[in-house]
Amino acid sequence: MVLSVAPITAQDGTGQNEDTDTDTLTVFGDGLNGSSDADYDYDALVKELYGSEEKVAVVPEVDVEEAGKAKKRAQVKGPAQGMFKNSRLNGSYLSLNMASPYSVSGQLESWYSYIDAGVAVKLPYEIYVESIPLYFLFEVSTFSFENTYPQGGTFAGMSYILQASAIGDQSNVALGFGFWDSEIGSMLELGYRFRPTKNTFLRVGTRGVLITDIELIGSAWWAELRLSMGFEL
């Protein structure tokens with residue numbers, strides 16, 4: 001038996017398009033293929049699409065740390081600087097005061113009062129609460145009440161008061177504690193002032209005084225009008 005081997009010719013039936021002899025990658029939209037020229041001006045294309053850099057709005061950078069900080073209140077101005085710039089007394093003042101009660105509690109309605117005088121010194125020290133400066137004053141003054149009905153008696157002598165005061169350009173408020181003769185008391189004062197000259201002032205105000213225990217009548221209060229003339233050292 002003779003075996004004969006005949007060559008079998010296999011032909012790929014898959015035909016290729018005559019128009020696509022080479023493989024190409026077509027990029028739709030810009031008309032360029034993957035083997036485009038590397039010298040193409042991309043900067044011109046960006047400017048064409050987005051405009052020039054000069055037209056782009058520049059957004060300022062925000063400092064997050066600064067934005068997170070709370071705004072500080074402006075400091076309230078206090079008294080003017082004194083005459084003696086290099087002295088330890090600079091920032092203090094000396095004032096002469098006159099006062100007279102105009103309203104009293106029921107326990108003092110039958111008591112006569114008089115015009116009192118005093119001296120106050122503002123100490124050259126201050127502390128700040130927020131942005132408000134507080135100043136300290138020490139005052140020595142007289143007070144006098146005399147009772148004629150139903151029984152005689154007097155409540156008079158010297159008062160010694162330590163005060164904390166907030167002083168603005170034209171107004172002030174003061175809270176103080178001290179002794180009226182041998183009795184403990186407290187006071188609250190509101191005042192308005194103006195300056196005839198740079199380092200002098202006139203002040204008018206009202207003060208309320210509360211005494212915890214007065215012999216014969218117990219606790220009592222009164223309100224007084226005050227006039228002060230001061231000189232800043």
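None of the figures in this text is laboratory data; all of them are computed from the coordinates on show. Being a predicted model, the structure only gives us computed values, none of them experimental. Because the Cβ atoms are built from the backbone with ideal geometry, glycine has one as well, and the counts that use them run over all protein chains shown.
Some notes on this structure:
- Loop-located GluC sites (Glu not before Pro) in segment 89-131 (DSSP state other than H, G, I, E, B) with a sparse environment of at most 13 neighbouring Cβ atoms within 10 Å: E109, E130.
- Alpha-carbon Debye profile of segment 93-232, log10 I(q)/I(0) at 0.12, 0.20 Å⁻¹: -0.49, -1.19
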